[in-house]
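A short worksheet on the structure shown next.
The values are calculated or read from the model by the stated rules, or taken from the named source; none is laboratory data. Everything numeric in this text was worked out from a predicted model, so none of it was measured. Please note: Cβ atoms are built from the backbone with ideal geometry, for glycine as well, and neighbour counts cover all protein chains shown.
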Amino acid sequence: MEPSITRHRENVTQGQPGNGGAASGLELRDVVVDVPGAAPGPGQSTGSEAGTVRVLGPVDLMASEPTVAVIGANGSGKSTLIRLLNGLVPPAVGSVRVHGLDAVTETTAVRARTGFVFTDPLVQLVMPTAGEDVELSLRRTHRRRPERRMAAERLLQEHGLGGLGHRSIYDLSGGQRQRLALASVLATDPVLLVADEPTTLLDLDWTLEVQELLLSLPGSGRCEQIVYTTHDLDFAAQADRCLVIADGQIVHDATGPAAVQWYRTDVLARRARRDGPDAGTGRL
Ligand SMILES: Nc1ncnc2c1ncn2[C@@H]1O[C@H](COP(=O)(O)OP(=O)(O)OP(=O)(O)O)[C@@H](O)[C@H]1O
């Protein structure tokens, strides 16, 4: 039987209620997410109501760092955790406060401040063409159509999509769509940006470009905080703080480099226990 993972938290500065930390960051208290399901999968337990399965929690978290990465195995609960941050997933138990607002009772206000970038861009692109999609996001800040058009074209250029404004979103490549989805979300000027694997479809050059852009957003004043999930450990290592999730729990919480180091060691140890001591150690 696998030894259970020890919960560990390294020395990371946490925001405290009352000193501005929670109002400018994230505060999750005893949060549990249950989904409908008859039988728990591996590593899962039954939920608090009959016919539900627990996929996350209990999770306690205070985070006001400008960049927060979330890493862990497939199905561990990363997307579920970040979906709590704009009310896409409701907690069965506990409370989620985002920059001082309750994600359940003040969902509209939370969503007005939170930009969410989905792994699959087609989930969020709603307009027929690339240009129209960015223009939709610019409606609040650019009331006049000609200015909106020009601003949209500028944003498309910045994201390597110059000249593609008239192109149907279905006629863009996967990577172009992922960049368009990010451009459209950034056009809304979010205070908090939440991104679920934002570089999975990108080539190496654009991966580095987008990672650099995302990590620079808080420092350049374009948003206060960014939270992202990723399987790219180099990207995760650059975050101010990184949470490692396993079986719906935060099992390690540290600075980016320290958490990534812990995660690599943990994965290798698991592989060695499962497949023997020489199992693929050179590839991580
Ligand atoms: N609505 C739902 N109904 C049933 N099960 C769900 C639901 N949402 C999530 N799950 C389950 O919860 C677990 C966590 O899913 P989640 O998408 O958060 O994982 P993840 O860590 O983001 O995985 P990946 O790295 O593969 O994207 C998985 O076992 C998933 O199948």
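Miscellaneous remarks
- Unique residue being under 13 Å from the mean Cα position of the chain (by Cα), over 19 Å from Leu26 (Cβ atoms) and not aliphatic (A, V, I, L, M) when the list is Thr265, Thr200, Thr230: Thr200
- The condition of being under 21 Å from Val110 (Cβ atoms), out of contact with any Cys (no Cβ under 7 Å at 6 or more places or on another chain) and of a type in the set (A, V, I, L, M) holds for only one of Leu192, Leu136, that being Leu136.
- In region 217-245, the residues that are crowded, with 21+ Cβ neighbours inside 10 Å and within 16 Å of the ligand (Cβ to nearest atom): Val227, Tyr228, Thr229, Thr230, Phe235, Ala236, Cys242, Leu243, Val244, Ile245
- For region 34-52, the tally of residues that are crowded, with 18+ Cβ neighbours inside 10 Å and near the ligand (Cβ under 8 Å from one of its atoms) stands at 1.
- Checked across region 176-189, the condition of being surrounded by 15 or more Cβ atoms within 10 Å (Cβ to Cβ), without any contact (Cβ under 8 Å) to a residue 12 or more places away in the chain, touching a Leu at 6+ places or on another chain (Cβ under 9 Å) and of a type in the set (A, V, I, L, M) holds for no residue.
- Qualifying residue in region 112-127 (condition: crowded, with 22+ Cβ neighbours inside 10 Å, under 14 Å from Leu182 (Cα atoms), touching a residue at least 60 places away in the same chain (Cβ under 8 Å) and in contact with a Ser or Thr (Cβ under 6 Å, 6 or more places away or on another chain)): yes
- Residue match in region 60-69 (condition: modelled with pLDDT of 95 or more, hydroxyl-bearing (Ser, Thr, Tyr) and either in a loop (DSSP other than H, G, I, E, B) or surrounded by fewer than 17 Cβ atoms within 10 Å (Cβ to Cβ) (or both)): yes
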